[in-house]
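A short write-up of the structure that comes next.
The values are calculated or read from the model by the stated rules, or taken from the named source; none is laboratory data. These numbers were taken from a predicted model, which means no experiment stands behind them. Here Cβ is always computed from backbone atoms with ideal geometry, including for glycine, and neighbour counts include all displayed protein chains.
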Amino acid sequence: MTQQQILNSVIMFGVVLMVAGFIYDDQPKRGPTPLSERCSELGGEWLYKSADLLCLMPDGSKLSYSAASDDFVPYQGSGGVVAVAQASTGEQRLADDCNPAPSFDDYQANQSFAGRANVDFSTNEAATHHRTAITKDIAAGVNFSGKYVVSTWGCGDGCKGSAVINAESGKILSYGLESTNFTFKRESGLLDAKREGYYVIEDDALKLLCK
């Protein structure tokens, strides 16, 4: 093989590599697999309305997503009656007892935040289904418990869906809770979800107080 033939072969090989590189770069880059797809790959059904990131398996068992291990693990549940929340008066109520109804004044917010963060949808990937509504509401500023935003949207006749976001960190504390309406105040940590019960902010989480 002559020197010219060798040179031509090298040039041709370089062209082939360049074309292959362009073809590869043209392929869509795939980001992290959404939790809903990962649930489907396990043979389960993603529970979009769950605030606990749950995957329902064919045998009826549930798996919950663990950020610590970046994997689905057996769901432990709440262990029966939902835990107790503490009012500022020192009174405690079990989750199945809403008589008398709690007062907004009993759950005064002890914090205040004037700014806002970008919503961190990685803290609840299912919430991307209502990205527009959530982003719009958090841009309007804090409206719940001093530093949180309650975002709501229509989900049918007489139905509203919701999400609760920490406006300071961008963390989505709750997504998918539905009711006929929601009542809340900027200066109180109590959320009235009507027929679904009363909820409170505790340890940066939305917890059922009573129904």
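Points worth noting:
- For segment 174-195, residues that are touching a residue at least 40 places away in the same chain (Cβ under 8 Å) and either crowded, with 22+ Cβ neighbours inside 10 Å or of a type outside the set (D, E, K, R) (or both) total 9.
- Complete set of residues in segment 144-176 that are part of a loop (DSSP other than H, G, I, E, B), touching a strand residue (DSSP E or B) at 6+ places or on another chain (Cβ under 6 Å) and modelled with pLDDT of 90 or more: SER145, ALA167, GLY170
- Flag not set for ALA133, criterion: outside the structural domain of SER64 (by TED's automatic domain parsing) and part of a loop (DSSP other than H, G, I, E, B).
- Which numbered condition ALA51 fails, given (1) modelled with pLDDT of 70 or more; (2) under 18 Å from ASP203 (Cα atoms): (1)
- Of all positions in segment 107-116, none carries a residue that is assigned to a loop (DSSP other than H, G, I, E, B), more than 19 Å from ASN166 (Cα to Cα), modelled with pLDDT under 85 and among the polar types (S, T, N, Q).
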